[in-house]
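The values are calculated or read from the model by the stated rules, or taken from the named source; none is laboratory data. Model, not experiment: these values are computed from the prediction. Note: ideal-geometry Cβ built from the backbone for every residue, glycine included; neighbour counts use all protein chains shown. Protein only, heavy atoms only, side chains kept; ligands, DNA and RNA dropped before computing areas. Shrake-Rupley method; radii C 1.70, N 1.55, O 1.52, S 1.80 Å.
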Amino acid sequence: MATKMTGAQIIVEALKREGVDIIFGYPGGAVIDIYDELYRTPEIKHVLVRHEQGATHAADGLARSTGKVGVCLVTSGPGATNTVTGIATAYMDSIPLVVLTGQVPTKLIGNDAFQEVDITGITRPCTKHNFLVKRVEDLAWTLKAAFHIARTGRPGPVLVDLPKDVQQAKTEFVWPEEIKLRSYNPVYEPHRKQVEKAYRLLEASTRPVLLVGGGVISSGAHEEVRELAELLHLPVTMTLMGLGGFPGTHEYSLGMLGMHGTYYANMAVANSDLIIAVGARFDDRVTGKVDAFAPMAKIVHIDIDPTSIQKNVRVDVPIVGDCKRALARLLEVIREVGRPAKLWKEQFKEWWEQIDIWKRRYPLSYKQDSEHIKPQFVIEKLYELTKGEAIVATEVGQNQMWTAQFYKFDRPRTLLSSGGLGTMGYGFPASIGAQMAHPDKLVLDIAGDGSIQMNIQEMATAMDQKLPIKVIILNNGYLGMVRQWQELFYDRRYSAVQFATIPDFVKLADAYGAVGLRATKPEEVEPVLKKALETNSLVLVDIHIAPEEGVFPMVPAGRATTEMILV
Amino acid sequence: MEKKHTLSVLVENTPGALARIVGLFSGRGFNIDSLCVAETLDPTLSHLTLVTHGDDMIIEQIIKQLRRLIDVYKVVDVTEEGEFVEREMALIKVRAEKETRAEVLRMCDIFRCKVVDVSPKTYTVEVTGTESKIEAVIELLRPLGIKELVRTGLVAMRREKKTL
């Protein structure tokens, strides 16, 4: 008979078998046994954070930048509830995570025991699935199933709640070869007939747009997207989550669409006669007023999650399947039919002429200022100095939108941003996860003075791990995006958007042993950024930007995307 | 156009599975008109009959969202699948004193209800049938004085195809 293992040993063994080499966590009474095992497991690097929310975002940043499943480990009660924002962030953006939470012993569950909370109940609506393991015999299977569910189909976070007595109980370790669930079988292979229908619509179209969403990145379909666009001469626009799914510097790129999308992307979509949406879910920030969204367009919608299709907009040709495979099949059909490239080019010639007019009329722009630093200028400089090769995390708000507009993302998994949930405080811990997974790459966090303070305690984590992350704070002394809405739609009543106290970020950096730099004039931007990029340590760059600079274009919430406020 | 739909749902018989389904409806603003749950022949599966309403797009979303739950094995929109039988049961405790005692029994006879409990002042009546039948019985017994009413919610099953 095989030797028996404790639950804690099984958990650590399962992590090893799933190829996990980095986890983020915070210990507590209900997970001491697991931590005791980790103490003896040098193969798994445990990153001790300063707050459990930071652990989830760091695991998320690792997952987004690598495509692997991010893992974190926290204790019961408050440890578990602190992960909820991070889990919901990952859920909205379909990021694979496995979150291990300690739980009070099974006998005490339901007794309001110390540090007890019903975390599976709390996270039911924001996880792809969750488990409470009540028997040590179920542990190995459950952990394997958690990883399986997290990474397959439309990825997402899975939580496994682990009572303390289950961690201590012993059983034989049986690792299942594969997980088969009768009630969970995501469809990867698209229906051939649907793909042919999509092709026929392309042939009949004169004003098509290829719309790239986050599904392109999670399925690794960026090469197929590029091939399709280049073969047929299609204009390509991206959602925030889709940035990097098609090269931002490509001549066919129209940049981002939606609320803060480019004028020409929104005009192209509004006037198109065919939208091929790949792994995008037609979020309200993309469509604006739904009734006015692309009124003349037929819509082909490729998505692995059938619930995304026909949820917000009417779809003419739904294609359920993996984005990469669906595009590969579409490319096969295109080759089989073998229409000459010249014909496609001619077919969309007039369309491109119209798009070029829109591009020339309102390119992405901002007014330069000799006195104040413009945030867009900072992002442009960063792009230039990093040659577009950094992994860029953002916080949420104006900093996020300026980054999306002015940093050109050419490769997938280089922009880490909370798109769906819009979680302030996401970027910095996410950059920690990314830098842990990519020690040799340049990792930036583009922040605002508001959001950086939401998880600023993780500076200590970055210092512990000697991570040379560059945090660029676009400091306007405001909660800028809310201020912008108040300026435009609430007669400048700036309610609760100005902090009376903002820490001295340079001194703060110093207090943590990091490097603090500051720029207050436009001419200081380049030297300060250069210095930051040359510094091999955590750097906080406090850049005082024009306080009332806005993000434009802007589509007011609930309006048609053609009703843009331009600069 | 809003329409009533009866959904038949097979779900893993595990703790929390029902909570996931109910949570899905409340979280996404869908309606549950009635819900009936019990184990199936296979004890690892539970069967739910769920009555809901909404326009086509909403019903499509409800079905897809249900299918997306990891624990949900099968969802059938019974209303869209053609002919089906549906039944509901109600227990009605109705006042039955001297002048109405015979009247209650007469009603029971007409609707083929069963009297399942008797007391000096009440009859408890069991009635099984379609929703409209149950409602008809309630309406007719109401003037006599209904003291208590419990309904099960609908169960439904597709009819077997009657092809020769």
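For the reader, a short list of remarks on this structure follows.
- Model label zone, residue A:114; criterion: amide N under 19 Å from point 7 Å along Cα-to-beta-carbon; scope the range A:24-41: A:27-36
- A crude spin-label estimate for the pair residue A:499 and residue A:39, with each label 7 Å from Cα along the Cβ direction, gives 3.8 nm.
- Listing of the range B:7-23 residues, each with accessible area lower by at least 20 Å² in the full protein assembly than in the chain alone (probe 1.4 Å): B:12, B:19, B:20
- In chain A, Cα pairs under 8 Å separated by at least six residues give a relative contact order of 14 percent.
- Within the shell defined by Cβ-Cβ distances under 9 Å, the residues around residue B:78 carry a net charge of -3, with Lys and Arg each +1 and Asp and Glu each -1.
- Think of each Lys and Arg Cβ as +1 and each Asp and Glu Cβ as -1; about the Cα centre, that makes the dipole of chain A roughly 1060 debye.
- Computed extension length for residue A:566-residue A:349: 75.4 nm, one decimal, from 0.36 nm per residue of separation with the Cα-Cα distance subtracted.
- Computed over protein heavy atoms with a 1.4 Å probe, the carbon and sulfur contribution to the accessible area of the range A:435-486 reaches 60%.
- Neighbourhood net charge (11 Å Cβ-Cβ; Lys/Arg +1, Asp/Glu -1) for residue A:205: +1
- For the range A:1-93, the list of trypsin sites (Lys or Arg not before Pro) that fall in a loop by DSSP and count at most 11 other C-beta atoms within 10 angstrom reads A:40.
- Exposed-loop-free span, longest in chain B, where trypsin sites (Lys or Arg not before Pro) count as exposed if DSSP calls them loop and at most 16 other C-beta atoms lie within 10 Å: B:29-97
- Note on residue B:56 and residue B:116: the model spin-label points, each 7 Å out from Cα along the C-beta direction, lie 4.1 nm apart.
- Nearest-0.05 FRET efficiency for residue A:360 and residue A:506, computed from C-beta distance (R0 45 Å): 0.60
- Mean-position separation - Cα centroids, the range B:39-115 and the range A:186-223, in angstrom: 41
- Summing charges over all other residues whose Cβ lies under 13 Å from the Cβ of residue A:222, with Lys and Arg as +1 and Asp and Glu as -1, gives -1.
- Cα gyration tensor shape for the range B:1-132, rounded if a/c is under 1.5, else prolate or oblate: prolate
- Amide H partners (placed H, <5 Å) of residue B:115, local residues excluded: B:126
- With the helix formula -39500 (n - 2.57) applied to DSSP H stretches of n ≥ 4, the protein assembly as shown reaches a computed 222 nm mean residue ellipticity of -10500 deg cm²/dmol.
- Positive-end residue of A:465, A:110, A:255, charge dipole of chain A with Cβ unit charges: A:255
- Euclidean distance of C-alpha centroids, the range A:316-359 and the range A:23-40, integer Å: 52
- Relative pair counts by distance (%), Cα atoms of the protein assembly as shown, 10 Å bins: 3, 13, 20, 22, 19, 12, 6, 3, 1, 0, 0
- Distance from the Cα centroid of the range A:499-567 to that of the range A:367-389 is 10 Å (rounded to whole angstrom).
- Given charges at Cβ of Lys, Arg, Asp, Glu: the protein assembly as shown dipole, positive-most of A:348, A:78, A:195: A:195
- Cα-Cα over 20 Å, subset of A:349/A:387; A:144/A:180; A:408/A:531: A:349/A:387; A:408/A:531
- Note on residue B:14 and residue A:534: their simple-model spin labels are 5.7 nm apart, each label 7 Å out from Cα toward Cβ.
- Ratio Rg/Rh [Cα only; Rh per Kirkwood] for the range B:84-142: 0.98
- Charge dipole of the protein assembly as shown about the Cα centre (unit charges at C-beta), most positive-ward option of A:217, B:123, A:62: B:123
- Integer Hz, Karplus 6.51/-1.76/1.60 couplings in order for the range A:170-175, x for Gly and Pro: 10, 7, 6, 8, 10, 8
- Occluded residues from the range B:59-88, i.e. those whose accessible area drops by 40 Å² or more once the chain is not alone (1.4 Å probe): B:61, B:64, B:68, B:70, B:73
- Taking amide H positions as modeled 1.01 Å from N, with prolines and chain starts lacking one, the residues under 5 Å from residue A:172 and 5 or more places away or on another chain are A:5.
- Sites residue A:385 and residue B:103, calculated FRET efficiency, Cβ-Cβ separation with R0 60 Å, nearest 0.05: 0.05
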